[in-house]
């Protein structure tokens, strides 16, 4: 050991390459390959195979340096390396911010889109807009269309508002979450939000499931990946590299690196402790949505995927692309037979598709398709209904059942509106332009 104090006992380390027969080098090489870009596996490899102490990269990178190394794609454009999309939702007092991230091999990730929806966090219409946003679909270079596979919403400061909304969503698609700053906290931990019964007591057994996220751990991983050097022309992109679109503004990157890992001391005990703290008055919504989306990818199992899982995803992308080409080809033949010479686009056979933003574009562009606008229909609550703040009638998946517009529906707009189930007070959400018909056809 360099500069070791005098009298310190001599010590040695022995890498696993010297292991006796029984642990072949092929197995070691496979473990090292699987750990590329993976924070947890890299620590294990460094400790158990190389026999060296692990040192976290805790330095927050410079925002202008990260901004200067943006990639060549633009927002809403899905690079070829992306296999699936996840979204993180952060709730503020006057807005909801949503970040959509793509995930690929060797723990690489790409920012696809980040938007801010303005409105009071207690306004049901704002939550309806957020739900509509999550139905967006993005074009993959293979020809497939990707939807958001998982979304997490931060229950944060307003669980009384967020949790009732999250309760009424598909738990395999949208789930509530809460961050834990403890560095040793697991990335995902199942928790429950207790419910108050009619007699005013709180149940310790029953409750609504949400996920506690080890955001302290996720921030360490993100800062280490953001500190990776930009690959030179012709070089392979390093594992774990985080890519941002060309039209990302500097303010977003400043939010992404808005916290630093510092040592703090408690006034009572005086023992030092490492923790993440904000840098100045910088906003941090971009960092929060990024970490939530990363945790949703972990919920899918992304960090443990091998060639088997990626092979499955490759086959699924190829199948989806073939189906899209088949649908477009059938529609093109129908139009040709009818004398219609208009070209067929993906939007003609599937709704809610968003195209890549041009440089300097706006984030308010509506997706192409008929089922993207949402209207809130109010009614007076009945006397025997529970006093909830608000509830949403869940919007059905666009892939199910028959679609009608109010103009074409045999029962008019009232028939096109999906009927609210019993027991849903105050609000229901309907789509005025096209909705799944509840009427037997």
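The values are calculated or read from the model by the stated rules, or taken from the named source; none is laboratory data. Here the structure is a predicted model, which means the values were calculated and not measured. Cβ placement follows ideal geometry from the backbone for every residue including glycine, while neighbour counts extend to all protein chains displayed.
Being within 23 Å of residue 351 (Cβ to Cβ), in the same structural domain as residue 249 (by TED's automatic domain parsing) and part of a helix (DSSP H, G or I): is that true of residue 128 here? Break it down into steps so the answer makes sense when it comes.
Numbers: within 23 Å of residue 351 (Cβ to Cβ): yes; in the same structural domain as residue 249 (by TED's automatic domain parsing): yes; part of a helix (DSSP H, G or I): yes.
Yes: the conditions hold for residue 128.
One line per residue, one yes/no per condition, for (1) crowded, with 22+ Cβ neighbours inside 10 Å; (2) closer than 20 Å to residue 245 by Cβ; (3) in contact with a helix residue (DSSP H, G or I) (Cβ under 7 Å, 6 or more places away or on another chain); (4) modelled with pLDDT of 95 or more:
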site	(1), (2), (3), (4)
52	no, no, yes, no
101	yes, yes, yes, yes
111	yes, yes, no, yes
122	no, no, yes, no
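If you check 271, 283, which single one turns out to be within 30 Å of residue 92 (Cα to Cα) and at pLDDT below 95?
Working: 271 fails: within 30 Å of residue 92 (Cα to Cα).
Just one listed residue meets the conditions, 283.
I'd like the residue in segment 323-351 that is touching a residue at least 24 places away in the same chain (Cβ under 8 Å) and either assigned to a helix (DSSP H, G or I) or more than 28 Å from the chain's Cα centre (by Cα) (or both) and, out of all such residues, is farthest from residue 146 (Cα to Cα).
Of all residues in segment 323-351, those touching a residue at least 24 places away in the same chain (Cβ under 8 Å) come to 324-325, 346, 349-351.
Now restrict to residues that are either assigned to a helix (DSSP H, G or I) or more than 28 Å from the chain's Cα centre (by Cα) (or both): 324-325, 346.
On the way: 324: 12, 325: 15, 346: 12 Å.
That would be 325.
Only one of 10, 76 is in a loop (DSSP other than H, G, I, E, B), modelled with pLDDT of 90 or more and out of contact with any helix residue (DSSP H, G or I) (no Cβ under 9 Å at 6 or more places or on another chain); which?
76
Test of understanding: among 211, 173, 127, which residue is surrounded by 18 or more Cβ atoms within 10 Å (Cβ to Cβ), modelled with pLDDT of 90 or more and more than 30 Å from residue 60 (Cβ to Cβ)? Give the derivation first.
On the way: 211 fails: more than 30 Å from residue 60 (Cβ to Cβ); 173 fails: surrounded by 18 or more Cβ atoms within 10 Å (Cβ to Cβ).
Exactly one of 211, 173, 127 is surrounded by 18 or more Cβ atoms within 10 Å (Cβ to Cβ), modelled with pLDDT of 90 or more and more than 30 Å from residue 60 (Cβ to Cβ), namely 127.
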